[in-house]
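The values are calculated or read from the model by the stated rules, or taken from the named source; none is laboratory data. Please read all numbers here as calculations on a predicted model, not as lab measurements. All Cβ positions, glycine included, derive from the backbone under ideal geometry; neighbour counts span all protein chains shown.
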Amino acid sequence: MRSRIDVGFTLIELLVVVAIISILAAIAVPSLLRARVAGNEVSAISALKVINLSQLQYASSCGNDGYAVSFTALAAIPPGATEAFITGELAAPAPVRAGYTFAVAGGVGSLAGLADCNGTPTQTSYYAWAVPQLFGSTGGWSYATSQINTVWRTFAAIAPAEPFGAPAVPIG
């Protein structure tokens, strides 16, 4: 007489394994989302620093000491040059990068400057900002910068105001 031995897992054992995997996923997913948001925020700060550098190069070589108030002006190749002042994702009219939307305009109290080497009007100051596309999901901070080469942040879904009397936290 042979005894029958069943080989395999019982339903209870399978349910325990699924429950353990679900618990581990519930612990890991929020950490991964926080890491993604932190990465997006670092990318936004980095892009604003690239904008600062691009504006400085633009003002000194093509802008007649004025600043560009559009990304398309920074993306235009000056006469006699082979590259624009800004390239890649930031060269678009309304760039989006790593969950942030970027914009640039004349700063507070900015005046019209001389036309640049491409004939585009300039301003005496600029203000660039990055706002999360989905506040809390793609980023928790909004950032801004200007010609004084400092990046400010605010915990809101709108860009920080220029820090002339407004509370803003400089980060770099």
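Could you list, in sequence order, all residues of segment 134-160 that are surrounded by 13 or more Cβ atoms within 10 Å (Cβ to Cβ) and touching a Gly at 6+ places or on another chain (Cβ under 8 Å)? Scanning segment 134-160 gives S137, T138, G139, S146, Q147, T150, V151. Kindly provide the set of residues from segment 94-115 that are under 30 Å from G39 (Cβ atoms) and of a type in the set (V, I, T), ordered by number. Those that are under 30 Å from G39 (Cβ atoms) and of a type in the set (V, I, T): V96, T101, V104. Taken together, the residues in segment 97-113 that are of a type in the set (A, V, I, L, M) and crowded, with 19+ Cβ neighbours inside 10 Å amount to 2. Residues that are within 18 Å of L48 (Cβ to Cβ), in contact (Cβ under 8 Å) with a residue 40 or more places away in the chain and not hydroxyl-bearing (S, T, Y) within segment 97-123 comprise R97, A98, G99, F102, A103, V104, G107, V108, Q123, listed in sequence order.
Working carefully through the options S60, S70, find the one that is surrounded by 10 or more Cβ atoms within 10 Å (Cβ to Cβ) and either in contact (Cβ under 8 Å) with a residue 40 or more places away in the chain or within 17 Å of the chain's Cα centre (by Cα) (or both). Steps first, answer last, please.
Numbers: S60 fails: either in contact (Cβ under 8 Å) with a residue 40 or more places away in the chain or within 17 Å of the chain's Cα centre (by Cα) (or both).
Sole residue among the options that is surrounded by 10 or more Cβ atoms within 10 Å (Cβ to Cβ) and either in contact (Cβ under 8 Å) with a residue 40 or more places away in the chain or within 17 Å of the chain's Cα centre (by Cα) (or both): S70.
The lone criterion from (1) touching a Pro at 6+ places or on another chain (Cβ under 9 Å); (2) polar (S, T, N, Q); (3) within 27 Å of N40 (Cα to Cα); (4) touching a residue at least 40 places away in the same chain (Cβ under 8 Å) left unmet by S146 is number (4). Set side by side, the residues A76, A115, A130 differ, and just one is within 30 Å of S31 (Cβ to Cβ), at pLDDT 90 or above and either more than 18 Å from the chain's Cα centre (by Cα) or of a type in the set (G, A, S) (or both), which is A130. All of (1) charged (D, E, K, R); (2) at pLDDT 90 or above; (3) not in a strand (DSSP E or B) hold for E89 with one exception: (2). With respect to S46, determine if the residue is in contact (Cβ under 8 Å) with a residue 24 or more places away in the chain and of a type in the set (S, T, Y). Criteria not met by S46.
In segment 73-96, of all residues being out of contact with any helix residue (DSSP H, G or I) (no Cβ under 6 Å at 6 or more places or on another chain), in contact (Cβ under 8 Å) with a residue 24 or more places away in the chain and over 15 Å from A44 (Cβ atoms), the one that is surrounded by the fewest Cβ atoms within 10 Å (Cβ to Cβ) corresponds to P79.
Kindly provide the set of residues from segment 124-141 that are assigned to a strand (DSSP E or B) and closer than 20 Å to Q55 by Cα, ordered by number.
Matches in segment 124-141: Y126, Y127, A128, W129, A130, V131.
Per the listing S146, S125, S142, S110, the residue uniquely in contact with a Leu (Cβ under 9 Å, 6 or more places away or on another chain) and of a type in the set (S, T, N, Q) is S125.
Residue-wise test of (1) in contact with an Asp or Glu (Cβ under 7 Å, 6 or more places away or on another chain); (2) in a helix (DSSP H, G or I).
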position: S31; (1), (2): no, yes
position: R36; (1), (2): no, yes
position: G39; (1), (2): no, yes
position: I45; (1), (2): no, yes
position: L48; (1), (2): no, yes
position: I51; (1), (2): no, yes
position: S54; (1), (2): no, yes
position: A59; (1), (2): yes, yes
position: N64; (1), (2): yes, no
